[in-house]
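The values are calculated or read from the model by the stated rules, or taken from the named source; none is laboratory data. Only a predicted model underlies this, so the values are computations on that prediction, with no experimental measurement involved. Note: ideal-geometry Cβ built from the backbone for every residue, glycine included; neighbour counts use all protein chains shown. Side chains are part of the model used for accessible areas, which takes the heavy atoms of the whole protein and leaves out ligands, DNA and RNA. Shrake-Rupley method; radii C 1.70, N 1.55, O 1.52, S 1.80 Å.
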Amino acid sequence: MDWTDRHCRFFHRLLTRHTLLYTEMVTTGAVLHGDRERLIGFDPAEQPVALQLGGSDPAALAQCARIGADFGYVEINLNVGCPSDRVQEGRFGACLMAEPALIGDCVAAMKAAVSIPVTVKCRIGIDDQDPEVALPAVADVAEAARADALIVHARKALLAGLSPRENRDIPPLDYDIVFRLKAARPQLPVILNGGVATVEAAREHLTKVDGVMMGRAAYQEPWRLLAVDPLLFGEAAPFASPKDAAQALVPYIERELSRGTRLHSITRHLHGLFQAVPGARAYRRHLATVAVKSGACAGVLAEALALVVDRPAELEHTAAA
Ligand SMILES: Cc1cc2nc3c(=O)[nH]c(=O)nc-3n(C[C@H](O)[C@H](O)[C@H](O)COP(=O)(O)O)c2cc1C
């Protein structure tokens, strides 16, 4: 939430053709009563994209799943991991970990409403729950409701006392419990999430689980995504370098600016595109100081890119070789 959006996804899709991209969590209330096009509209070029819903009313979730399917999303995902206070007041997100039967009802209602896959993203437990009990309980209801996959953020959420930010770092990661869950349930697709920092690490985990979800590493260091297609899908990267990918974004930027989008709304997602290359800091500074000005045009990105000495060698797989 508040980090990724459709502009971010459009750019990430230029870096990898095969990765499944997710929206941020959108609540059922927002989908049903908000400005739907602004909240969940997207460009077909972003596909494949999954819509993540936040809610706990099966009927509302079913209605929103249908709306998502009609918008063209390829998967609907239920958030059972967000720990924020706002979410707790609404009785959804991570606090649903304490109500597995309700998770099952939600998934069953969504499955009955759409023909696209319905998945769940959960934690390994909350507060004083024993993950060895809480995680299998969620997996049981997910399987019984014919969920198509379970994405596990492999740490607890502590709902009392930790901020959402602290809840992404402080409870320790436990990958092993996720690997054991997968081993015990060969028929349930299990996706590992949490602390996966490199595409190489993702590849390693893929020997034990069906998929890996990367959050912060993908957002903060998007250049890593250029390694996904070569390393995980046996295909050439869409572009030879991060700079080429950024240049390919210019027509999209021009189109968006003509519709009233501000340049910074798009370029803010490109700040981490260069790392440890000459000019990376000047590039970031240019975007942070010039692209933020109202009326800034696509040429500002070109100016920033001109400050960087790009080289394909910064690609992760090349650097590791
Ligand atoms: C700013 C921010 C916003 C997030 N918003 C969501 C969200 O809307 N839905 C969700 O399922 N997870 C959300 N997460 C959690 C991530 O999806 C992920 O589970 C978590 O950061 C751990 O994975 P990572 O170490 O790869 O980032 C968010 C994380 C951050 C840092």
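Considering only residues that are within 14 Å of the ligand (Cβ to nearest atom), β-branched (Val, Ile, Thr) and in contact (Cβ under 8 Å) with a residue 24 or more places away in the chain, which ones fall in region 158-206? Matches in region 158-206: VAL178, ILE191, THR198, VAL199. Of all the residues in region 49-86, those that are away from the ligand (no atom under 15 Å from the Cβ) and in contact with a His (Cβ under 7 Å, 6 or more places away or on another chain) number 0.
Against the test of being more than 15 Å from the ligand (Cβ to nearest atom), open to solvent by 40 Å² or more (accessible area, probe 1.4 Å) and over 29 Å from PRO171 (Cβ atoms), the options GLU37, GLU89, GLU46 yield a single qualifying residue, GLU37. Residue-level analysis places VAL209 outside the set of residues that are within 10 Å of the ligand (Cβ to nearest atom) and either touching a residue at least 12 places away in the same chain (Cβ under 8 Å) or under 18 Å from the mean Cα position of the chain (by Cα) (or both). Within region 1-20, residues that are within 12 Å of the ligand (Cβ to nearest atom) have Cβ atoms under 8 Å from residues that are open to solvent by 20 Å² or more (accessible area, probe 1.4 Å) and in a helix (DSSP H, G or I) in these pairs: TRP3/TYR219; THR4/TYR219; ASP5/SER265; CYS8/TYR219, counting only partners at least 6 apart in sequence or on another chain. Return the residue satisfying two criteria in turn: it lies in region 285-321 and is modelled with pLDDT under 90 and among the charged types (D, E, K, R), and of such residues it is surrounded by the most Cβ atoms within 10 Å (Cβ to Cβ). Restricting to residues being modelled with pLDDT under 90 and among the charged types (D, E, K, R), the top hit is ASP310. Being modelled with pLDDT of 95 or more, of a type in the set (Ser, Thr, Tyr) and within 16 Å of the ligand (Cβ to nearest atom) is a description that applies to TYR219.
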